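Have a look at the structure below, then the notes.
The values are calculated or read from the model by the stated rules, or taken from the named source; none is laboratory data. The shown structure was predicted, so the numbers you read here are calculated from the model rather than taken from an experiment. Virtual Cβ from ideal backbone geometry, glycine too; neighbours counted across all protein chains shown.
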Amino acid sequence: MHFSKFKFIFLTSIITSCSFSEKSKDQILQTIIKDSLKVKKEFNKIIVLTENECSSCNSSYSKFLENQIKSNALFIVGATGAEFDITYLDAVNKNNIVYDYSNLLEKNGLLQNSGFILLKENKIDTIISLEAGNLDKQINYIRHELDDK
């Protein structure tokens with residue numbers, strides 16, 4: 001009887017654990033944007049600016065973004081401005097800028113450093129994590145996506 005009880009509990013725990021699936025990256029991203037960062041508007045392009053990883057990459061990316069600030073993209077900024085200039089963020093309408101000093105995208109395994117996320121129908125289509133060796137190509141791709149209305 002004791003062994004049967006153990007078997008029942010063991011099988012029940014396996015069945016229960018298998019019935020709960022992990023959240024998808026899409027669900028995690030939407031939870032971060034809507035619940036944690038309190039963004040109400042829908043965006044299909046997300047620009048992420050941090051001070052993680054390659055400092056010169058982040059600086060170049062920030063200079064590029066200065067001319068893109070009026071784009072129809074959500075800016076998630078984890079940079080403080082200690083490593084490169086972000087004062088241009090203060091001079092614009094803040095409807096598309098949120099600050100995330102907790103690095104929620106990094107903590108949830110979505111993006112470890114500065115980059116770009118393209119969504120299609122609220123699903124992640126492309127994630128670009130900036131890399132020194134591909135920086136020019138990546139910025140050109142992001143420019144193309146931001147220009148594409």
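The set of residues from segment 109-119 being closer than 21 Å to E42 by Cα and either at pLDDT below 95 or among the aliphatic types (A, V, I, L, M) (or both) comprises L110, L111, I117, L118, L119.
For K107, the criteria (1) free of Cβ contacts under 8 Å to residues at least 24 places away in the same chain; (2) farther than 16 Å from D35 by Cα hold in every case but one, which is (2).
In the set T87, T80, T126, which member is surrounded by fewer than 16 Cβ atoms within 10 Å (Cβ to Cβ) and in contact with a helix residue (DSSP H, G or I) (Cβ under 9 Å, 6 or more places away or on another chain)? Exactly one of T87, T80, T126 is surrounded by fewer than 16 Cβ atoms within 10 Å (Cβ to Cβ) and in contact with a helix residue (DSSP H, G or I) (Cβ under 9 Å, 6 or more places away or on another chain), namely T126. Reported count of residues in segment 110-141, each being in contact (Cβ under 8 Å) with a residue 40 or more places away in the chain, under 19 Å from E83 (Cα atoms) and out of contact with any Phe, Trp or Tyr (no Cβ under 8 Å at 6 or more places or on another chain), is 5. Give me the pairs, please: first residue somewhere in segment 38-52 and under 12 Å from I76 (Cα atoms), second residue anywhere and among the basic types (K, R) and not in a loop (DSSP other than H, G, I, E, B), beta-carbon distance under 7 Å, and either six or more positions apart or on two chains. From residues that are under 12 Å from I76 (Cα atoms), there are no pairs.
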